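Just below is one structure, and these are the notes that go with it.
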Amino acid sequence: MKQVFRVVQQTQAVSVQRQDGTQTQKCTLVLQELGGKYENAFAATLLGNMASLKFYPNDVVFACLRFTVREYNQQLYMDCMVQDIVKLSTNNAF
């Protein structure tokens, strides 16, 4: 999904261990579609160097999101990852 979003919030970056044993940074970015406070919102994961980027509430960004489904312990989980993100404007009032 490639779309323009409004940033709702960003969590602090934390170190996580990859499956290969190396360390990387990870944070969550909540993105909302433009149009109003009841539009769809997504909690997307930023990994690696992207996790060090700083976004603030009401920043407008263009993001490419990737959705994947995986099975773990006989349960299905959906992951939302940011593949690419570009800040278009900062702290607009909505």
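The values are calculated or read from the model by the stated rules, or taken from the named source; none is laboratory data. Quick caveat, the model's predicted, so the values are computed rather than measured. Heads up, the Cβs are rebuilt from the backbone with ideal geometry, glycines too, and the neighbour counts pull from every protein chain shown. Ligands, DNA and RNA are stripped out before the accessible areas are found, and what is left, the full protein with its side chains, is counted by its heavy atoms. Shrake-Rupley method; radii C 1.70, N 1.55, O 1.52, S 1.80 Å.
What to note about this one:
- Here is the list for the range 1-88: chymotrypsin sites (Phe, Trp or Tyr not before Pro) lying in DSSP coil, each with at most 16 other C-beta atoms within 10 angstrom of its C-beta, are 38.
- Accessible area of residue 15 in the full protein assembly, 1.4 Å probe (Å², nearest 10): 80 Å²
- At most 11 other Cβ within 10 Å, DSSP loop - GluC sites (Glu not before Pro), the chain: 39
- Calculated accessible area for the chain comes out at 69 Å² per residue, all protein chains present (probe 1.4 Å; ligands, DNA, RNA ignored).
- Here r is the Cβ-Cβ distance between residue 52 and residue 89 and R0 is 22 Å; the resulting FRET efficiency, rounded to 0.05, is 0.60.
- Sites matching trypsin sites (Lys or Arg not before Pro) across the range 1-68 that sit in DSSP coil, with at most 12 neighbouring C-beta atoms within 10 Å: 18, 37, 54
- Distance between the modelled labels on residue 60 and residue 1, one decimal in nanometres: 1.9 nm (7 Å Cα→Cβ projection).
- Note on the chain: antiparallel DSSP beta bridges, both residues inside, total approximately 95 percent of the bridges counted.
- Accessible surface of the chain [probe 1.4 Å, protein heavy atoms]: carbon and sulfur percent: 49 percent
- Take every Cα pair under 8 Å whose residues are at least 6 apart in sequence, average their separation, divide by the length of the chain, and the relative contact order is 29 percent.
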